[in-house]
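The values are calculated or read from the model by the stated rules, or taken from the named source; none is laboratory data. Since the model is a prediction, treat every value here as computed from it, not as a measurement. Every residue, glycine among them, receives a Cβ derived from its backbone with ideal geometry; neighbour counts consider all protein chains shown.
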Amino acid sequence: MPVVDITWLSWLTYLIVGYYALLLGVLAVRRRRRPHPRTAGDGRPPFMVLVIPARNEERVIGQTLKTLEALDYPDRLTLVMDDGSTDATAVIASSFTWLGRVQVVSRSPEAAGQGKGAVLNHAFALVCRMVAERDPRLRGRSVEEVVVGVMDADGQLEGDALGKVAPYFSGQQNARVGGVQIGVRIANATANLLTRMQDLEFVGFSAVVQDSRDSLGSVGLGGNGQFTRLSALQGLSRDPWTACLSEDLDLSLSLAEAGWDIRYCSDTFVAQQGLTRIWPLLRQRARWIQGHYQCWRHLPPIWGSRRLAWRAKLDLSAYLMMILFIFVVSAGWVISLLAWAGLLVPVNTSLDVITNPYLHNVTQLVLSAGPLAAFVIGYQLRAATRLRWWEVLAVAGLFTAYVSMVWAWGQAWAWLRIVTRHGGWAKTPRVSAEIAVQMPV
């Protein structure tokens, strides 16, 4: 039976995860030094243009627009970008236009179906034209005073969400804030085990990664609940959103390279539907992972930028390289399965330098389970429906299996797409027409 030395695999895992977890832990401790803005400062609140890309969204678009009606922020306009829908999306959305804060934009059949980035660029061009033509719906705001928010068609905001985001863009002290990301939660988290794991994934990621990175100004923008200053988008001197499969990450990296600060607002969130079936979830994760690899093209510009501090450069590079951890985990699973089948004997001497058996076991446990444990702790602090004390250990174990399975399979699928040069963008299916947003308890 062959003997395989996997020491290199362990050290790679420790270097990738250990460094980044330590960095985020230090930043989390220092997080209080950068408080969230609470007032508009010396400037008036920005005008918010909410953009909703919509392609065959009749199941959810009505509920989303009803939620937006209840927002307590008066200076706003919603653009529903109908991307060639063949269902009743446009009809349902048009029923809200009488309020004066909703406009439905129908994309031509020739332009439709080219991906989310193309839809967002269309909306960006419209907003720029509205500002240039002094459209009265923008209430006289200049390009510096307009913020573009992106929401998925199933997104649901808290009533005061825009009021909590607005201070980040107000006043001279925030003049270099180019983007803000809010937290993301799964609205149907209690539907089944799969949706609960997605909620833990999103909420835990926000609590551990996004909140910690806020002190560096290098927070990653997400596809739902992202807000960007219009002048920052114009400053890129190109279409802000690209054909990248992770167009949100691609945009945040471009803004960071241009010297803009990206912040995270943990005071509010956007709720979205979780996927209740495993196959669509794997397909979605494969697209995200492939898009993450596409963003590696930003590594040279990050280190070549004179506007980025070295800490931000290190953080952005580490974040981009973290995708390798999934590859390492996948390799570890394959080796474990082969060992279980009796086809090889793995040898790991990475921690042999620690001679004390107790310290050896504790170190191994912390290195292997520490990051996921941090996610679970963060989830307990931020979740709308927290776990009961006797559920925590069971869910932590299940979450470990979920991350290993979903992201490992997604990694394999992503590499298959890369090798076969398949870069198509597949829309995430919706679950139902109405899902109640779970509020914190």
Query - Condition check for residue 423: in a helix (DSSP H, G or I) and not aliphatic (A, V, I, L, M) - result: no
Query raised in the report: Of the conditions (1) out of contact with any His (no Cβ under 9 Å at 6 or more places or on another chain); (2) within 23 Å of residue 418 (Cβ to Cβ); (3) touching a residue at least 40 places away in the same chain (Cβ under 8 Å), residue 253 fails just one. Which one is it?
Result: (1)
Report task. Mind listing whichever residues of the range 57-100 are surrounded by fewer than 17 Cβ atoms within 10 Å (Cβ to Cβ) and assigned to a loop (DSSP other than H, G, I, E, B)? Result -> 70, 72, 74, 86, 87, 88, 95, 100
Query raised in the report: Is it the case that some residue within the range 134-145 is touching a Pro at 6+ places or on another chain (Cβ under 8 Å), modelled with pLDDT of 90 or more and closer than 24 Å to residue 74 by Cβ?
Result: yes
Query raised in the report: Which of (1) within 16 Å of residue 224 (Cα to Cα); (2) surrounded by 23 or more Cβ atoms within 10 Å (Cβ to Cβ) does residue 253 not meet, given it meets every other one?
Result: (1)
Query raised in the report: Hey, any hits in the range 262-280 for a residue that's among the aliphatic types (A, V, I, L, M), in contact with a helix residue (DSSP H, G or I) (Cβ under 6 Å, 6 or more places away or on another chain), crowded, with 19+ Cβ neighbours inside 10 Å and not in a strand (DSSP E or B)?
Result: yes
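Table: residues versus (1) over 25 Å from residue 317 (Cβ atoms); (2) basic (Lys, Arg); (3) out of contact with any Pro (no Cβ under 9 Å at 6 or more places or on another chain).
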position	(1), (2), (3)
183	no, no, yes
188	yes, no, yes
193	yes, no, yes
200	yes, no, yes
203	yes, no, yes
208	no, no, no
221	no, no, yes
241	no, no, yes
253	no, no, no
Query raised in the report: Is it the case that residue 132 is surrounded by fewer than 24 Cβ atoms within 10 Å (Cβ to Cβ), under 21 Å from residue 236 (Cα atoms), among the aliphatic types (A, V, I, L, M) and in contact with an Asp or Glu (Cβ under 9 Å, 6 or more places away or on another chain)?
Result: no
**Report entry** In the range 213-241, residue nearest to residue 126 (Cα to Cα) [restricted to those that are in contact (Cβ under 8 Å) with a residue 40 or more places away in the chain and polar (S, T, N, Q)]
**Finding:** 234
**Report entry** Number of the condition not met by residue 112 [criteria: (1) among the hydrophobic types (A, V, I, L, M, F, W, C); (2) buried (at least 21 other Cβ atoms within 10 Å of the Cβ); (3) at pLDDT below 95]
**Finding:** (2)
Query raised in the report: Does the range 235-245 contain at least one residue that is over 19 Å from residue 402 (Cα atoms) and among the charged types (D, E, K, R)?
Result: yes
